[in-house]
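Student: Following this message is one structure expressed as structure tokens.
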Amino acid sequence: MTHPILLQQHQLDLLWQIDRSEVINTLYRLQDGKLQPYAAHYDLQGWDPHDRETYDPIHEHCFAHGGHFFALFEEEKILAAAVLDTLPRGPRQDLRQLLFFYVSASLRGKGLGKRLFSHCLHQAKQDGAHGLYVSSIPSKNTVDFYLSQGCQLMTQTDAELFAREPEDIHLACYSSP
């Protein structure tokens, strides 16, 4: 496993090979500008077919307008991936969306996510953005990861992203100057 590599268009299906399994016991909702945890139980054993139906066209569109599809591999097996869109997001249109971000279940907590997130933040800065816009699933573990990377809650959400996933938690991570 080395530096993240850029996927080619014919490799986009590899994203769905990442081991998505996860047990989620706590979700967040945003109330009065604060994260409120609540108990929930989901035992995810792979990708929901709805995810692929919804996101394949979004990924294709992102790729077509220059989005970055980064992946970490071990030999031929994809371990983690992140998709950085090029469309301006955020109240000042100075952020780029982290459109997809997953690390295989067996490798979470080993630093791959931190490495990949940092790589995306650096790429966004190289592309002229001030940081990342994250529309995160509301799982406590996922949101806590983003907060640990320096993300902050958005006070003004992107209307298109909110409409797509109204339960998501919206965050921004600004790169240092």
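Student: With a cut-off of at most 11 other beta carbons within 10 Å, and DSSP calling the residue loop, which GluC sites (Glu not before Pro) in segment 47-120 qualify? Please list them. Working shown, then result.
Tutor: Details: sites: Glu53, Glu60, Glu74, Glu75, Glu76; in loops: Glu75, Glu76.
Taking segment 47-120 and a limit of 11 other Cβ atoms within 10 Å, the loop GluC sites (Glu not before Pro) found are Glu75, Glu76.
Student: Which lysines, on any chain, are close to Lys125 with Cα under 26 Å apart, when same-chain ones fewer than 8 places away are left out?
Tutor: Lys110, Lys114
Student: Let me ask something else about it. Which value, in debye to the nearest 20, gives the size of the charge dipole of segment 5-174 about its Cα centre, when Lys and Arg are +1 and Asp and Glu are -1 at the Cβ?
Tutor: Working: 15 positive and 22 negative charges, 140 e Å.
Here the size comes out at about 680 debye.
Student: Could you tell me the calculated FRET efficiency between Ala163 and Arg108, based on Cβ-Cβ distance and R0 = 45 angstrom, to the nearest 0.05? Don't jump to the answer; show the numbers that get you there.
Tutor: On the way: r = 29 Å, r/R0 = 0.65.
Computed FRET efficiency for Ala163 and Arg108: 0.95.
Student: Hey, in the chain, which Cys have no second cysteine's beta-carbon closer than 4.7 Å?
Tutor: Those would be Cys62, Cys120, since no other cysteine Cβ in the chain comes under 4.7 Å of theirs.
Student: Rounded to the nearest 0.05, what FRET efficiency do Gln8 and Leu35 have when you use their Cβ-Cβ distance and R0 = 45 Å?
Tutor: Values: r = 38 Å, r/R0 = 0.84.
E(calc), rounded to 0.05, equals 0.75.
Student: Can you order the peptides 4-10, 37-43, 153-159 by their average number of other Cβ atoms within 10 Å per residue, highest first?
Tutor: For the peptides 4-10, 37-43, 153-159, the packing ranking is 153-159, 4-10, 37-43.
Read-outs: derived from the displayed coordinates by stated rules, not from any lab. Remember, it's a predicted structure, so these values are computed and weren't measured experimentally. All Cβ positions, even for glycine, are placed from backbone atoms using ideal geometry, and neighbour counts span all protein chains on display.
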